[in-house]
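Q: Please read through the structure below; I'll follow up with questions.
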Amino acid sequence: MGLVITIQSRPTLVQFGAESWLPGMVAVSMIREIAPVITALIFAGKVGSGIGAELASMKVTEQIDAMEVSGINPFKYLVVTRILAATITLPMLSIIADAISLYGSYIGVNLKNDVSLRLFFLQAFQSLSFSDLLPSLLKTFFFGFSVGLIGCYKGYNCKKGTEGVGIAANSSVVLGSLAIFIIDMIAVQMTSLLSY
Amino acid sequence: METSIVKIEHLNKSFGNNIVLADMNLVVNKSENLVVLGKSGSGKSVLIKCLVGLLKPDAGKIILLGQDITVLNDDELNLLRKRVGFLFQSAALYDSMTVRENLEFPLRGEKTLSKEEIDALVIEALRNVGLEDAINKMPSELSGGMRKRVGLARTLILKPEIILYDEPTTGLDPITAKEISHLILEIQKKYNAASIIITHDVECARITANRMIIIKDGKTHIEGTFRELSEDKDEWIHSFFQ
């Protein structure tokens with residue numbers, strides 16, 4: 001992502017003689033918005049569908065009923081753990097995505113220029129402030145929570161049969177992605193309201 | 001002295017307009033194997049699912065091991081469920097766990113048990129169903145009959161006072177089905193546990209039943225021993241034994 005945005009943005013910035021802004025601009029757009037949202041969408045596709053399909057398949061094959069009759073609370077064992085894992089994991093993945101995309105941007109800058117890694121990161125971090133990092137990290141907790149919650153809900157309440165498993169996996173991804181956009185929209189509004 | 005382990009009084013259960021159980025009454029005594037026969041869709045599986053609280057009855061009382069399960073909260077119900085075994089038609093093994101992990105799973109809440117004690121219980125349960133060698137296998141590596149046996153071992157690990165079998169021989173070849181039926185009988189003797197066996201398999205009923213009931217129109221239509229019911233002159237009842 002960082003590499004692509006750097007390559008795409010360079011011609012416009014060159015026209016205005018602002019090529020030196022490239023690291024800072026890419027860093028702000030990546031860390032504030034693109035890296036958390038794209039990571040969350042991929043997470044919804046991979047993890048959300050996995051949770052939905054796994055729980056739905058357990059429901060269809062009576063494995064959840066088997067847990068219940070053995071006196072184990074399946075909600076605690078299957079749902080709470082998955083939601084917690086999703087909530088904790090996504091912010092970590094988002095930080096990794098930030099780092100990789102910034103490194104990608106560094107490669108993008110060096111395709112046409114010769115900038116040292118130290119100078120690149122110096123310029124990138126000069127453009128960033130604490131108020132860029134914190135909201136972007138905070139919203140990924142909510143993204144992770146919603147992906148986990150929707151996946152679990154859809155899987156746990158799936159209709160019987162193989163078709164139900166497919167529908168649960170599919171709707172986990174679709175609703176999870178939709179929830180990410182809605183949460184992102186609310187997060188942006190709240191961040192801009194708080195910054196004034 | 002109270003000898004009944006299950007007492008169902010005026011149980012009603014419907015799904016929309018479909019009345020499945022209507023004023024069902026049933027008593028199961030200690031150490032007794034009760035076989036429940038009935039046409040498909042007659043409410044046999046619904047009956048045992050109501051009995052363990054997987055389905056909530058619309059009306060009626062279910063006294064299981066001296067407690068009315070219709071008034072228990074979730075924690076009380078979970079405690080009671082530990083005294084009840086349930087063998088699902090599909091065995092319902094946790095397919096992401098090995099046989100050992102499947103058997104250890106119901107013991108998760110037992111904090112007083114050491115690792116060695118859990119191992120001993122797992123091996124004892126598997127030995128009782130003749131599958132000690134399968135301890136490290138995944139459910140996908142097991143045959144239908146082996147899955148049923150592992151399901152039964154998982155049920156036995158908590159040493160239940162009553163075991164509910166949902167069509168234990170369905171989908172098995174006649175030889176394996178007979179083995180499972182004899183296993184049910186052995187378990188009754190060894191664990192001194194009562195059983196409710198839902199089945200269509202007359203041979204399984206012949207081997208396992210101390211007493212039988214046939215369900216019709218959502219209630220007990222007739223009750224008796226295998227011999228009494230198989231010799232009944234009523235054509236509808238007789239058709240089950242042909």
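Q: For B:VAL129, only one of the following conditions fails: (1) away from chain A (no Cβ under 14 Å); (2) touching a helix residue (DSSP H, G or I) at 6+ places or on another chain (Cβ under 9 Å); (3) modelled with pLDDT of 90 or more. What is its number?
A: B:VAL129 satisfies all of (1) away from chain A (no Cβ under 14 Å); (2) touching a helix residue (DSSP H, G or I) at 6+ places or on another chain (Cβ under 9 Å); (3) modelled with pLDDT of 90 or more except (3).
Q: Oh, and also: A:LEU93: within 11 Å of another protein chain (Cβ to nearest Cβ) and either surrounded by fewer than 20 Cβ atoms within 10 Å (Cβ to Cβ) or under 13 Å from A:GLY151 (Cα atoms) (or both), yes or no?
A: no
Q: So which residues in the range A:58-82 are open to solvent by 20 Å² or more (accessible area, probe 1.4 Å), within 16 Å of B:GLY109 (Cα to Cα) and either more than 10 Å from chain B (Cβ to nearest Cβ) or basic (Lys, Arg) (or both)?
A: A:LYS76, the sole residue that qualifies.
Q: Please verify whether A:LYS160 is touching a helix residue (DSSP H, G or I) at 6+ places or on another chain (Cβ under 8 Å), loosely packed, with under 14 Cβ neighbours inside 10 Å and closer than 16 Å to A:SER57 by Cα, treating the condition exactly as stated.
A: Considered against the rule, which asks whether it is touching a helix residue (DSSP H, G or I) at 6+ places or on another chain (Cβ under 8 Å), loosely packed, with under 14 Cβ neighbours inside 10 Å and closer than 16 Å to A:SER57 by Cα, A:LYS160 comes out as yes.
Q: Open to solvent by less than 80 Å² (accessible area, probe 1.4 Å), assigned to a helix (DSSP H, G or I) and modelled with pLDDT under 85, is that true of A:ASP132? Steps first, answer last, please.
A: Numbers: open to solvent by less than 80 Å² (accessible area, probe 1.4 Å): yes; assigned to a helix (DSSP H, G or I): yes; modelled with pLDDT under 85: yes.
Against the criterion (open to solvent by less than 80 Å² (accessible area, probe 1.4 Å), assigned to a helix (DSSP H, G or I) and modelled with pLDDT under 85), A:ASP132 qualifies.
Q: Go through (1) aliphatic (A, V, I, L, M); (2) more than 14 Å from every other protein chain (Cβ to nearest Cβ); (3) open to solvent by 10 Å² or more (accessible area, probe 1.4 Å) one by one and return the number of the condition A:ALA53 breaks.
A: (2)
Q: Return the pairs, sorted by first residue and then second, in which the second residue is of a type in the set (D, E, K, R) and in a loop (DSSP other than H, G, I, E, B), the first residue lies in the range B:84-106 and is within 9 Å of chain A (Cβ to nearest Cβ) and on the phi > 0 side of the Ramachandran plot, the beta carbons are less than 6 Å apart, and the residues are 6+ apart or on different chains.
A: As it stands, the answer is B:ALA92/A:GLU62, since those pairs meet every condition given.
Q: Being in a helix (DSSP H, G or I) and surrounded by fewer than 17 Cβ atoms within 10 Å (Cβ to Cβ) is the filter here; which residues of the range B:203-232 pass it? Before you say what the answer is, go through the steps one by one.
A: Kept after step one, since they are in a helix (DSSP H, G or I), are these residues of the range B:203-232: B:203-208, B:226-230.
Correct list: B:GLU203, B:ARG206, B:ARG227, B:GLU228.
The values are calculated or read from the model by the stated rules, or taken from the named source; none is laboratory data. Predicted model only: the values in this text are computed from it and were never measured. Heads up, the Cβs are rebuilt from the backbone with ideal geometry, glycines too, and the neighbour counts pull from every protein chain shown. Accessible surface areas use protein heavy atoms only, side chains included; no ligands, DNA or RNA. Shrake-Rupley method; radii C 1.70, N 1.55, O 1.52, S 1.80 Å.
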